[in-house]
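Only one structure is covered here, and it is reproduced in the block below.
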Amino acid sequence: MLPLRELGRSGIDIPPVILGGNVFGWTADTATSFRVLDAALERGLNAIDTADAYSRWLPGHAGGESEAILGVWMKERQNRDKLIIATKVGLDMGAGKEGLSRQRIFQAVDESLIRLQTDYIDLYQAHRDKPATPLEETLGAFTDLIKAGKVRAIGASNYTAPRMAEADSISKANGLARFESLQPLYNLMERTEYEGPLQDFCVARNVGVINYYALAAGFLTGKYRSVQNSSGPRGGTVRKYCNEKGWAVLAALDKHAARLGGTPAQLAIAWVLTRPGIAAPIASVTKVEQLDDLVRAAMLKLDAAALTDLEAASA
């Protein structure tokens, strides 16, 4: 049985790794997505993160493809009560549908609920900060969704420490729901966005951190060992890691994976789980066998030697 972690003060318990839904309808077709989802639930990975904008970046896609796949799967399996579903609002969906205004949030949540074929969302997140919209308006809309029973808890994605602190103060002063989670970019190759003021805020205020790109778009699996083999849908992202630091991190992962009986991916996720404030990293997979890395990573304990070497290589 996988251990559980509480998401902020929301009362929502999640496994130590969240399954990323960005690949559903993108690099994983419907049949593949169903196989991955079935196998994930069998392994105790019952928390899934998606967004209304996934996968609008593909030609011919309008957004909502990932949510729609999840919705069909949940309806066919009749398993909604076994799952923690997190989705997001705020990115451009075309035809002026974007942002975090009250009107847009109310419109978007109903659209997401229809695609997900459910009547509630466990964690509804602001996908990206929109400074032009007052935080009072955004938080007020989210609060009303919680009161209406459409949302259980709210979170933020890609917010800075000052904006998280401002939102927290507004919630407290006005009796509004607060952001119970934060979704930043964070992994062994990308540490600066989270570590520092943002980490300090989340730890001090008990905000659960569910970082995305925990495996650095697959680079930390060890799959990409040169610029030449960094191809595929995520090749552009991976190529920026193909440098001296990247090779040093992979070398440290290789060294301690062999010693501890794990894989580079398992160690990379296990490292994230040792960091202050982290509730659960988000990791995407397109093959059932890759799920075992996520489960084993949650149970893997890194010793001082591994932590020291990974710290030095990734600093």
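Quick rundown of the values:
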{"item": "Relative contact order [Cα under 8 Å, 6+ residues apart], the chain, whole percent", "result": "19"}
{"item": "DSSP beta bridges in the chain [antiparallel fraction, %, rounded to 5]", "result": "10"}
{"item": "Shape metrics for region 1-130, restricted to C-alpha atoms - Rg then Dmax, Å", "result": "14.4, 45"}
{"item": "Where N is the number of residues in region 253-302, Cα Rg divided by 2.2 N^0.38 Å", "result": "1.09"}
{"item": "Proximal lysines to residue 97, defined as alpha-carbon separation beneath 19 angstrom and excluding residues fewer than eight positions away on the same chain", "result": "88, 130"}
{"item": "Span from the region 268-315 Cα centroid across to the region 99-153 one, whole angstrom", "result": "31"}
{"item": "More than 32 Å apart - percent of Cα-Cα pairs taken over the chain", "result": "25"}
{"item": "Nearest-ten-degree value, helix 30-42 long axis tilted from longest Cα axis of the chain", "result": "80"}
{"item": "Environment charge of residue 132, counting only residues whose C-beta is closer than 15 Å and scoring Lys/Arg +1, Asp/Glu -1", "result": "-1"}
{"item": "Relative intensity, log₁₀ I(q)/I(0), of region 122-281 from a Debye sum that treats every alpha carbon as a point, q = 0.09 Å⁻¹", "result": "-0.37"}
{"item": "Coordinate range along principal axes, alpha carbons of region 101-150, Å, largest first", "result": "32, 20, 17"}
{"item": "Convex hull projection area averaged over all views, region 181-229, Cα basis, nm²", "result": "3.6"}
{"item": "Degrees, to the nearest 10: 102-116 long Cα axis against longest axis of the chain", "result": "60"}
{"item": "Long-range amide H partners of residue 127 with built H, under 5 Å", "result": "89, 90, 91"}
{"item": "With Cα atoms, 0 to 90° folded angle of helix 135-147 axis to the chain main axis", "result": "80"}
{"item": "Ordering of 242-255, 179-192, 301-314 by packing [mean C-beta count within 10 Å, highest first]", "result": "179-192, 242-255, 301-314"}
{"item": "Over 29 Å between alpha carbons, listed pairs 172/301; 82/147; 150/240", "result": "172/301; 150/240"}
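Each value in this text was obtained by applying a stated rule to the coordinates, not by laboratory testing. Predicted, not measured: the structure shown is a model, and the values here were computed from it. Quick reminder, even Gly has a Cβ in these numbers, built from the backbone with ideal geometry, and neighbours come from all protein chains shown.
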